[in-house]
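Scroll down for the structure; my scribbles are underneath it.
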Amino acid sequence: MSTGAPLQTTERDEDLLVSAVPSAKGSRVRTFARVYAGALAFILALLFGWELAVRLGHVPDYLLPSPTAILADLKTDWVVLGPALWVTLREVMLGFVIAAVTGVGLAVLLHLNGPLRRAMYPILIGSQTIPIVVLAPILVILLGYGILPKLVIVALICFFPIVVNGLDGLRAVDDEFIAMMFTLNASRWAIFRRVEFPGALPSIFSGMRIAATFASIGAVFGEWAGSSAGLGYVMLEATPNLLTSRIFAAILLLTVISLVLFGLVSLLERIAVPWAPKRTTS
Amino acid sequence: MPAELSSEQAGSGRAAEPGESTVGIRLSGIGKRFGDVVALRGIDFEIQRNSRIGIVGPSGGGKSTLLHIVAGLMEPDVGEVDVEGATTAKDRLTRCAMMPQRDLLLPWRTALDNAIIALENRGVSRSQARAQTRPYFERFGLAKFEHFRPAQLSGGMRQRVSFMRTLVAEKDVLLLDEPFGALDSITRAQMQEWLLRALGALPRTVLLVTHDVEEALLLSKTVVVMSARPGRVVRTLTADFPTTASRREIVTSREFVEVKEQALEAIG
């Protein structure tokens, strides 16, 4: 073959192609059912057992209400629970957004500034030895009974996993990538923008998912330390009155908040990181 | 018939202007140590502009260090480097494009967007860079794969995209670090033949690092055999095979086998 020959190989490209078979919508539902059917069945069995034990054992409602009693309470007490849900939801969501923005921002800043990172990183890790929820009373004294101390607590709790995961993700980029980029006309900023930051996104999101599960804890502790509204406040009020099913209903709503936040973060991740390998739960 | 790759279209290495030095890469007395470990000692070699040199040797012999020095990613402790007139690390960096052993394609970018990254780094707009780079895909046998993500491509295809990315950078000097080290032997042989023709159509100054003697002899006229650490030049061999011969014809020719034997003997 001459040197001027077209640069076409005889390699059977199509054969070698690792096709990413896009799953049809129907099969996606089936996959979902297969993955989660077991968990769903287990939860239903648990709830059924709970209901049965309470009814057959004649357990008084103020000790342990049955699942159906909790649901009934959710409906009758909605006047109290609905506004409380709204208050706590706002605290959780806003606090989380503050943590995400400052957390990612600080991770980037520390990544790009070596001396600052070496100065701050030990302090950052050390600060985690403080159980943050115990700061709630101090923050109430400082910032009052409004939404502010709750936002601070939620943000403080969510902040750490986001910073640490973000920083790890940014630093995990292979040195070879960076060397190669330097030979391809890249500036430091171009490397950050085109290689390091997109490469760190999966790690940043995994930090956010961890943070999402902590967020409601912060809001409740903040409300317990001092408040006049929110699901935590409802629980605090219900306790001396032995309104146990109302407490359970509040817990259920807190779980829903956490799930919604977790779902939103996962959704955002799928939009921002469509290339990431799928996490399989099986 | 796919369009032929003319050197004019794809931009070949710059020919030396009258009065300008014709040196492609010249190393004299290069030494480099990391702490107590001497990675390189007294490396000398020289090649002309638009010619190719292969460096073979055992793993851990400082070959990659040498490549990084030539690329301008680091300076040697002693000795001088001249890459088409550029002697400082900063200047060398503007002359050289490096193709790493692993394809190192960015998984979130399509094949096309991976190939254009050097242009984007230079400030060319994304749409213009894409338009400029698209013709390469047909010439490289990758037509229709522009919008595939790296995970959807075979190893050989990814390596071709990686090579394309190096070419699109429009540098005079290409540094290939074990370009096919990660491929199986059949794909590897196909890629060697493909690269041979690609480089025939687009003359550049090429430094190829490999631990495969056959690959070095096949792809470059001059082959430097390096020793294990500290890396020294043990032997320099020249092999000039007809460019019209196929890979199989070259590899099985008596001359090739003889030179290969000498190289293997030098490696010891």
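The values are calculated or read from the model by the stated rules, or taken from the named source; none is laboratory data. Since this is a predicted model, take the numbers as computed values, not measurements. Ideal geometry is used to build each Cβ from the backbone, glycine not excepted, and the neighbour counts take in all protein chains shown.
Observations, loosely collected:
- Condition check for A:A249: among the small types (G, A, S), in a helix (DSSP H, G or I), in contact with a helix residue (DSSP H, G or I) (Cβ under 7 Å, 6 or more places away or on another chain) and closer than 23 Å to A:P67 by Cα: yes
- Condition met for A:P240 (under 26 Å from A:T68 (Cβ atoms) and part of a loop (DSSP other than H, G, I, E, B)): yes
- Taking (1) without any contact (Cβ under 8 Å) to a residue 40 or more places away in the chain; (2) over 20 Å from A:S227 (Cβ atoms); (3) of a type in the set (V, I, T) in turn, A:I138 satisfies each apart from (2).
- In the stretch A:53-70, the residues that are surrounded by 15 or more Cβ atoms within 10 Å (Cβ to Cβ) and either modelled with pLDDT of 90 or more or in contact with a strand residue (DSSP E or B) (Cβ under 9 Å, 6 or more places away or on another chain) (or both): A:V54, A:L64, A:P65, A:S66, A:P67, A:A69, A:I70
- Looking across the stretch A:167-188 at every residue that is touching a His at 6+ places or on another chain (Cβ under 8 Å) and more than 9 Å from chain B (Cβ to nearest Cβ), the one that is surrounded by the fewest Cβ atoms within 10 Å (Cβ to Cβ) is identified as A:R171.
- Filter result for B:L183 (touching a helix residue (DSSP H, G or I) at 6+ places or on another chain (Cβ under 7 Å) and part of a loop (DSSP other than H, G, I, E, B)): yes
- Counted residues, the stretch B:125-150 - those being more than 7 Å from chain A (Cβ to nearest Cβ) and part of a helix (DSSP H, G or I): 14
- Filter result (away from every other protein chain (no Cβ under 14 Å), under 16 Å from the mean Cα position of the chain (by Cα) and of a type in the set (D, E)) within the stretch B:55-108: B:E84
- Test result for B:L112, at the interface with chain A (Cβ under 10 Å from one of its Cβ atoms) and of a type outside the set (D, E, K, R): no
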